[in-house]
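Have a look at the structure below, then the notes.
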Amino acid sequence: MPPPGRRPGKSETRAAILEAARATFLEEGYEPASLRSIARRAAVDPALVHHYFGGKAELFAEVMKFGNDPRQIAVEMSKEDRTGADLVRHFLGLWEQGRPWEPGLPPFMIACQAFSSSPIAAAGLRQYLQEEVWAKTGCDAGLGDLDARHALVASQLVGLGWVRYVLQLEPIASAPVEQVAAWVGPSIDRYRLGELASPAVEGGERPAAAAAPG
């Protein structure tokens, strides 16, 4: 008989942890959820969570069905020679595994359903991005407006995912990843590295640009 708190098989234990983590993240969000509470819910030793997944960020990435860990994308994008096309290529790589997705829905659609139906799940993803990913996006902090740049990059990528995987709007739906990256990459670069436009004011003048942090 296996010791209390442990399950008989590796696959069963891993599946139980994922099921418990999915429910915990949906109910509590990313930041409040703890590996100890997830382990308690799965009826396993907390050490097993670390054994199979390493930590909370890795577990969250697995629960969200990411093909790769988004933090690795952030690390890659922190290198000076990376471009918006690289970011698009990496982002699509999160969702392309097993395409076409038969049987079942595209992973991106499953994630969208979770975030749309649960404000806590959406908050969990936002916390995960802020704490684990956005610190190394390749956005130029010296230009200022870093929060706006992060949000604009996210809007471009999420919109791209929606068009490719949910609406399946052609030609984006079936275009090769390299082609999509070439199309969308320049817009990402403008959000990451370019000057963000300010709204026009009455009289046709624009407010002076904010000085970059010293």
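The values are calculated or read from the model by the stated rules, or taken from the named source; none is laboratory data. Because the structure is predicted, anything quoted here is derived from the model rather than measured. We place every Cβ from the backbone using ideal geometry, glycine too, and count neighbours over all the protein chains shown. With ligands, DNA and RNA removed, areas are computed over all heavy atoms of the protein, side chains included. Shrake-Rupley method; radii C 1.70, N 1.55, O 1.52, S 1.80 Å.
Brief remarks on what is shown
- Selected residue (criterion: modelled with the lowest pLDDT) from residues of region 97-131 that are in a helix (DSSP H, G or I), open to solvent by 60 Å² or more (accessible area, probe 1.4 Å) and of a type outside the set (A, V, I, L, M): E131
- In this structure, P213 qualifies as open to solvent by 70 Å² or more (accessible area, probe 1.4 Å), closer than 25 Å to D81 by Cβ, in a loop (DSSP other than H, G, I, E, B) and at pLDDT below 85.
- Single residue of V184, V201, V177 found to be in contact with a Pro (Cβ under 7 Å, 6 or more places away or on another chain) and either more than 19 Å from R89 (Cβ to Cβ) or modelled with pLDDT of 90 or more (or both): V201
- Residue satisfying all of: in region 45-76; among the small types (G, A, S) and either at pLDDT 90 or above or part of a helix (DSSP H, G or I) (or both); most open to solvent (accessible area, probe 1.4 Å) among these: A47
- Any hit, region 79-90, residues being modelled with pLDDT under 75 and open to solvent by 20 Å² or more (accessible area, probe 1.4 Å): yes
- Residues of region 152-174 that are small (G, A, S), in a helix (DSSP H, G or I) and surrounded by 13 or more Cβ atoms within 10 Å (Cβ to Cβ): A154, G161.
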